[in-house]
Amino acid sequence: MSNLIKLNLESNELEFLPLEIRYLKSLERINIGNNNIKELLESIYGLKFLMKLIIWGNQFSSQSSDIEKLSVLFKLNISGNKLRMLPDSIGALEELTELDISNNLSEQLLETLLMLGSL
């Protein structure tokens with residue numbers, strides 16, 4: 001499975017991602033939407049080729065500053081979570097062209113986003 005480039009784990013009632021995800025080095029797209037995940041494992045930030053990260057409809061209340069390690073990420077959907085703010089490091093994602101932050105808990109998300117001039 002080391003050649004796997006797309007993984008869809010949507011709607012599986014997952015509470016966490018397995019540590020073994022770090023072995024999927026060729027992964028370009030992962031969809032873990034509509035689960036019960038509260039935080040991403042450090043290992044997901046080591047996926048150098050990850051271009052699409054879909055984590056809508058989970059229980060995230062914050063996003064790690066390690067997101068900047070996903071340097072080729074161009075689509076990030078973190079809608080429908082419990083986010084109150086975005087990390088400043090999201091501004092380091094130079095390839096990011098699609099960002100969905102709808103249906104979270106704070107109006108400050110847009111304010112934070114507008115302050116990140118590099119997006």
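The set of residues in the range 10-37 that are closer than 21 Å to residue 62 by Cβ and surrounded by 14 or more Cβ atoms within 10 Å (Cβ to Cβ) comprises 14, 17, 21, 30, 31, 32, 33, 34, 35, 37. Is it true that residue 6 is in contact with a strand residue (DSSP E or B) (Cβ under 8 Å, 6 or more places away or on another chain), over 22 Å from residue 114 (Cα atoms) and basic (Lys, Arg)? Yes: the conditions hold for residue 6. Taking interchain pairs and intrachain pairs at least six residues apart, which have beta carbon atoms under 9 angstrom, with the first residue in the range 88-112 and at pLDDT 85 or above and the second charged (D, E, K, R) and part of a strand (DSSP E or B)? Sorted first by the residue in the range 88-112, then by its partner, the pairs are 96/75; 97/75; 98/52; 98/75; 99/75; 100/75.
Answer yes or no: is there a residue in the range 48-65 that is within 16 Å of residue 103 (Cβ to Cβ), out of contact with any Phe, Trp or Tyr (no Cβ under 7 Å at 6 or more places or on another chain) and part of a strand (DSSP E or B). Within the range 48-65, one or more residues are within 16 Å of residue 103 (Cβ to Cβ), out of contact with any Phe, Trp or Tyr (no Cβ under 7 Å at 6 or more places or on another chain) and part of a strand (DSSP E or B).
Listed here are the residues, each with its yes/no results for (1) touching a Leu at 6+ places or on another chain (Cβ under 7 Å); (2) among the small types (Gly, Ala, Ser).
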| residue | (1), (2) |
| --- | --- |
| 22 | no, no |
| 26 | yes, yes |
| 33 | no, yes |
| 51 | yes, no |
| 79 | no, yes |
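The set of residues in the range 56-69 being surrounded by 20 or more Cβ atoms within 10 Å (Cβ to Cβ), over 9 Å from the mean Cα position of the chain (by Cα) and not polar (S, T, N, Q) consists of 57 alone.
Could you check the range 85-108 and list, in sequence order, the residues that are surrounded by 14 or more Cβ atoms within 10 Å (Cβ to Cβ) and assigned to a loop (DSSP other than H, G, I, E, B)? Those that are surrounded by 14 or more Cβ atoms within 10 Å (Cβ to Cβ) and assigned to a loop (DSSP other than H, G, I, E, B): 85, 86, 87, 93, 96, 101, 104, 106.
Of all residues in the range 7-36, those satisfying the criterion of being farther than 19 Å from residue 78 by Cβ and either of a type in the set (Ser, Thr, Tyr) or outside any loop (DSSP other than H, G, I, E, B) (or both) are 19, 20, 22, 23, 26.
Within the range 66-78, the residues that satisfy the criterion of being in contact (Cβ under 8 Å) with a residue 24 or more places away in the chain and in a loop (DSSP other than H, G, I, E, B) are 70, 71, 72, 74, 78.
The values are calculated or read from the model by the stated rules, or taken from the named source; none is laboratory data. Since the structure is predicted, the reported quantities are computational estimates derived from the model, not experimental observations. When we count neighbours, we look across all protein chains shown, and the Cβ atoms used for this are built from the backbone with ideal geometry, even at glycine.
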